[in-house]
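What follows is one structure encoded as structure tokens, with my remarks underneath.
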Amino acid sequence: MNKRAATRWAAIAAVSVTVGALAACAPSDDTAGEGDNVTIRWWHNATSDPLQGLWADVAAEFEAANPGVTVEVTGYQNEDLQRTLIPNALQSGDAPDVFQVWPGGEVRAQAEAGYLRDLTDDAADLIAEIGGATAPWQVDGRQYALPFSFGITGIWYNTELFAQAGIDSAPETLDDLIDANEALKAEGITPLAVGAGDLWPAGHWWYQFALNACSVETLQSAIPARDFDDPCWVEAGENLEAFLETEPFNDGFLATPAQTGADSSAGLVANGNVAMEFMGPWNSGVIGSLTADAEVPEFLSWFPFPTVAGGEGDPTVTMGGGDGFGVSADAPDIAVELLKYIHSAEVQQRFAETGAGIAAHPAAADSLEDPNLQQIADGLAGSSFVQLWLDSALGPEFGNPLNQAIVNIFGGVGTPEDVVTALKDTAAAL
Amino acid sequence: MTHHLTAGPAVSAGPAPTPAAPARRRAGTGRKWLEIALFAGPALIVFVTFVIAPVVLAGVYSLYNWNGLGPLERFIGLDNYVRALTDPLFLTAIGNNFTILIASVLIQGPLAISIALLLNRKLPGRSVIRALIFVPYVLAEVIAGLSWKLLLSPRGGVNALLEAMGLGEFTQPWLANPDIALWVMFSILTWKYLGFAILLMLAGLQGVPEELHEAAAIDGANWWQIQTRITLPLLAPTIRIWIFLSMIGSLQLFDMVWVTTKGGPVGATNTMAVYLIQYGQGQYGYGSAIAVILFVISLAVALVYQRFAMRRDLAGAVTSGVR
């Protein structure tokens with residue numbers, strides 16, 4: 001045997017051993033769903049109470065009501081869950097039975113790949129009860145997940161700093177907001193905090209200006225078609241640029257994170273350093289966690305984003321989104337029953353009582369006790385149409401290119417046209 | 001060809017009483033390969049499964065438009081590479097990697113050598129200084145990064161210190177100013193990794209024989225001549241190894257940037273690895289193309305450097321051409 005032949009044999013041996021080892025790793029047939037004993041795996045994003053405790057209770061109650069069913073419920077950090085754990089589990093064929101599903105582009109990608117169970121018929125009654133909030137989790141008219149919380153983005157503000165600056169009512173138009181900013185600055189108070197270091201909080205400002213510039217018809221047709229030729233998309237950036245010229249934001253906002261530490265945008269509001277922040281419905285929890293006593297400050301209040309003059313946008317259109325759960329295509333039927341229980345009026349009322357968010361089910365509206373969440377719920381009730389956050393609506397591929405192009409406007413190195421170019425380039429590469 | 005593979009010391013332990021030389025050779029060869037397979041096989045399998053296969057797979061994925069879900073079926077050739085190499089943000093990131101690489105070699109290197117030469121002399125408190133200089137390197141990247149992020153924020157310790165010293169006009173949102181952020185980042189990296197460079201240089205200095213210094217001193221050489229004519233040439237292998245490690249570290253730079261700025265503000269501190277994480281989300285094909293570009297650049301730099309600068313240090317390695 002010469003050296004070359006020997007090398008070849010060794011390589012063949014090594015490869016065959018590798019293949020054998022890999023084959024041994026392949027999962028054996030999953031027998032869950034057959035026979036009496038069924039285990040349902042449920043993944044959610046609650047890593048602290050009250051929500052983590054509520055989900056554990058819900059799982060235990062479902063086990064008690066369904067003998068032979070075991071529910072393994074686990075909470076993971078939000079981005080780890082959505083960006084790493086769930087995609088890997090789906091791709092490896094070992095998906096959890098019930099798991100958190102982001103609306104818009106993400107539910108579309110998962111449904112089109114055949115990973116999600118179509119709930120349209122199985123949960124028809126519940127879908128009708130929940131109503132309009134289910135729309136962001138629909139793909140081509142079919143329902144692939146159900147929301148348990150839903151809210152809109154608005155401006156969180158410090159009533160004490162507003163009083164100090166002599167502002168007696170919440171701004172209703174963009175000009176009112178600019179006047180309020182000047183009044184705050186005159187008192188030496190920074191008007192607005194934005195966590196542009198994390199990109200998406202700056203992105204939300206542009207999304208909101210796009211909602212004001214674009215008609216509902218444009219929003220509803222352009223986003224699924226990924227067609228950004230309408231001039232309103234450029235106008236959104238121009239309005240943002242004009243607003244940025246009034247210098248309303250905190251020092252160093254380009255490197256400010258959104259939610260971590262006292263120097264984050266939420267931390268600046270929490271500790272009375274900045275008067276306002278434009279942020280989603282979860283913000284009272286974040287702000288509460290960043291104060292010295294870990295309580296939501298009494299001065300915190302909320303108002304909807306002011307209307308912007310001009311543009312085709314309908315002032316009653318708001319921007320928001322929520323959290324929902326879907327069922328894996330391979331899950332046993334009983335998993336759908338668990339999903340229905342999670343989203344039932346009774347559990348949704350308990351969810352609202354915890355103050356963890358605004359329940360999506362209308363029957364839970366009266367159970368909301370937190371005053372800030374009540375204001376958001378009122379804003380939601382007054383909305384003619386809720387546009388899902390644009391990065392979520394467009395899908396994960398768009399998030400970074402879009403938000404980076406928007407932050408470039410914030411940093412003075414990008415133009416409104418660049419944002420539209422980023423959108424078109426990303427769409428072209430899909 | 002077969003000759004040097006026949007029974008050598010490795011198989012001499014075996015009782016081989018049979019007379020026929022060709023038969024013995026065959027048996028010996030078989031045993032030798034069995035031993036090689038037994039000893040090298042497990043390591044080879046692990047290496048192929050977890051290193052070679054993923055590299056090859058990344059190369060395959062990079063030719064597809066793939067969101068990580070569903071089957072791999074939309075072949076797009078080299079489009080991902082074209083897209084990456086025409087994205088100004090990615091080109092900025094490559095430029096930042098090379099800026100940090102060159103700055104590391106030109107600034108950290110001389111600094112580390114000077115401090116090592118100083119610490120190699122008999123100084124009061126030398127061991128304490130040596131330990132202190134090494135402290136930042138021992139800290140975890142995330143802890144060091146978060147500490148600097150807090151210190152350098154607009155309301156952070158650095159600005160407070162400047163104010164207290166009456167230097168209020170020099171206060172800055174250090175990591176938020178795109179004009180200086182990369183150099184602030186480089187300063188943090190220097191603070192973090194200089195200790196490692198100094199440690200390497202000190203270790204190298206231990207290998208410089210004292211007799212040479214004495215001989216030179218007797219011949220009338222001054223301290224400066226001794227350092228430039230004797231110490232530095234003898235330290236050269238250590239310096240070359242450090243440059244190599246520093247270059248690879250600069251090209252792969254991720255954790256410190258991710259923790260402090262995530263590549264911002266407006267891409268000023270972006271690096272290839274940070275861009276890979278940000279833009280690979282939901283685009284596994286594109287992310288794989290970035291990974292392959294990063295791999296090829298690192299490999300090319302490493303091979304060129306090994307081939308030309310470290311030829312003598314690594315005699316017998318893959319790239320040692322002239323023998």
Original post:
Residues with amide H under 5 Å of A:MET276's amide H, sequence separation 5 or more or different chain, H placed in the peptide plane at 1.01 Å from N; which?
Top reply: A:LEU192, A:ALA193
Original post:
Whose amide H sits under 5 Å from the amide H of A:TRP389, counting only residues 5 or more places off or on another chain, with H placed in the peptide plane?
Top reply: A:GLY320
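Could you list A:GLU245, A:GLU277 in order of exposure, starting from the residue whose Cβ has the fewest other Cβ atoms within 10 Å? Kindly include the intermediate steps, with their values, before the conclusion.
Numbers: A:GLU245 8, A:GLU277 26.
Neighbour counts put them in this order, fewest first: A:GLU245, A:GLU277.
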**OP:** From other protein chains only, count the Cβ atoms within 10 Å of every residue's Cβ in B:40-50, then give the mean.
**Re:** 3
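Per-residue mean of other chain beta-carbon atoms within 10 angstrom of the beta-carbon, peptide B:67-73?
Working: counts 11, 8, 12, 8, 2, 0, 0.
Across the residues of B:67-73, the mean count of other-chain Cβ atoms within 10 Å is 6.
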**OP:** Count the net charge of all other residues whose Cβ sits under 12 Å from the Cβ of A:LEU290, scoring Lys and Arg as +1 and Asp and Glu as -1.
**Re:** -4
Original post:
Rounded to a whole number, what is D in µm²/s for segment B:84-308 from Stokes-Einstein with the Kirkwood radius over alpha-carbon pairs (20 °C, 1.002 mPa s)?
Top reply: 109
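Counting helices only, and only those DSSP H runs with n ≥ 4, report the 222 nm mean residue ellipticity of chain A as the sum of -39,500 (n - 2.57) divided by its residues, in deg cm²/dmol to the nearest 500.
Taken over chain A, the calculation gives -13500 deg cm²/dmol.
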**OP:** Per residue of segment A:288-303, in order, report the coupling 6.51 cos²θ - 1.76 cosθ + 1.60 (Karplus, θ = phi - 60°) as ³J(HN,Hα) in whole Hz, putting x for Gly and Pro.
**Re:** x, 6, 9, 9, 4, 9, 6, 10, 5, x, 5, 6, 6, 9, 9, 9
Original post:
In whole angstrom, how far apart do the alpha carbon centroids of segment A:288-354 and segment A:175-211 sit?
Top reply: 23
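By per-residue mean of other Cβ atoms within 10 Å, what is the highest-first order of B:284-294, A:298-308? Each step should come with its number before you reach the end.
Values: B:284-294: 23.1, A:298-308: 18.8.
Packing order, densest peptide first, comes out as B:284-294, A:298-308.
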Subject >> Vicinal HN-Hα couplings computed from phi for segment B:304-311 (Karplus, 6.51 cos²θ - 1.76 cosθ + 1.60; Hz; Gly/Pro x) >> reply: 4, 5, 4, 5, 9, 9, 10, 4
Subject >> For segment B:49-55, Karplus couplings with θ = phi - 60° (6.51, -1.76, 1.60), whole Hz, Gly/Pro x >> reply: 5, 9, 10, 5, 4, x, 5
Subject >> Among B:PHE39, B:PRO178, B:ILE241 - extreme Cα towards positive end, dipole of chain B, charges at beta-carbon >> reply: B:PHE39
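Once Rh for segment A:224-322 is found with the Kirkwood sum over Cα pairs, what is the Stokes-Einstein diffusion coefficient at 20 °C and 1.002 mPa s, in µm²/s? Write down the numbers at each step before the final one.
Details: Rh = 15.8 Å.
Reported coefficient: 135 µm²/s.
What ranking do A:LEU244, B:LEU253, B:LEU101, B:LEU78 get, fewest neighbouring Cβ atoms within 10 angstrom at the top? Write down the numbers at each step before the final one.
Values: A:LEU244 15, B:LEU253 22, B:LEU101 19, B:LEU78 11.
Lowest count first: B:LEU78, A:LEU244, B:LEU101, B:LEU253.
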Original post:
So, by mean Cβ neighbours within 10 angstrom, what's the order for B:34-40, A:191-197 with the highest one leading?
Top reply: A:191-197, B:34-40
Subject >> Mean-position separation - Cα centroids, segment B:67-103 and segment A:212-269, in angstrom >> reply: 26
Original post:
How far apart, in nm, are the 7 Å Cα→Cβ label points at A:ALA242 and A:ALA163?
Top reply: 3.5
Original post:
Could you give the angle, 0 to 90 degrees to the nearest 10, between helix A:345-354's Cα long axis and the longest principal axis of the Cα atoms of chain A?
Top reply: 60
Original post:
Sequence-distant or interchain residues sharing an amide H contact under 5 Å with A:THR39, placed H: which?
Top reply: A:GLY33, A:THR70
Original post:
Modelled label-to-label distance, A:PHE385 and B:PHE47, 7 Å Cα→beta-carbon offset: nm?
Top reply: 6.1
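Give the order of B:TRP148, B:TRP258 when sorted by the count of other beta carbons within 10 angstrom, beginning with the fewest.
On the way: B:TRP148 24, B:TRP258 18.
Listing B:TRP148, B:TRP258 from fewest to most nearby Cβ atoms yields B:TRP258, B:TRP148.
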Subject >> Simple spin-label estimate for A:GLU182 and B:THR228 in nanometres, 7 Å along Cα-Cβ >> reply: 6.6
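Shielding of B:82-92 by partners, i.e. mean partner chain Cβ atoms within 10 Å per residue? All intermediate terms of the calculation are to be shown ahead of the outcome.
Values: counts 0, 4, 0, 0, 1, 3, 0, 6, 0, 0, 0.
Mean partner-chain Cβ count within 10 Å for B:82-92: 1.
When the helices in chain B are scored as -39500 (n - 2.57) per DSSP H run of 4 or longer and the sum is shared across all residues, what 222 nm value do you end up with, to the nearest 500 deg cm²/dmol?
On the way: 15 runs with 201 residues, N = 323.
Rounded to the nearest 500, the figure is -20000 deg cm²/dmol.
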**OP:** Could you name the aspartates and glutamates whose alpha carbon sits less than 13 Å from that of B:LYS192, not counting residues in the same chain fewer than 8 places away?
**Re:** B:GLU141, B:ASP255
Subject >> the protein assembly as shown, Cα convex hull volume normalised per residue, Å³ >> reply: 230
Original post:
Hey, in the GNM for chain A with a 10 angstrom Cα cutoff, which one of A:TYR76, A:TYR341, A:TYR144 fluctuates hardest?
Top reply: A:TYR76
**OP:** Just report the Cα centroid separation between segment A:383-427 and segment A:118-171, whole Å.
**Re:** 21
Original post:
Given the options B:ALA197, B:ALA273, B:ALA217, which has the most mean-square fluctuation in a GNM of chain B, springs set between C-alpha atoms less than 10 angstrom apart?
Top reply: B:ALA217
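With a ≥ b ≥ c taken as the square roots of the eigenvalues of the C-alpha gyration tensor of chain A, please select rounded if a/c is under 1.5 and otherwise prolate if a/b is larger than b/c or oblate if it is not? Provide the component values of the computation, followed by the final result.
Numbers: a/c = 1.91, a/b = 1.44, b/c = 1.32.
Prolate, since a/c reaches 1.5 and a/b exceeds b/c.
Read-outs: derived from the displayed coordinates by stated rules, not from any lab. Everything quoted here is computed from the prediction, not taken from an experiment. Cβ: placed from backbone, ideal geometry, glycine included. Neighbour counts: every protein chain shown.
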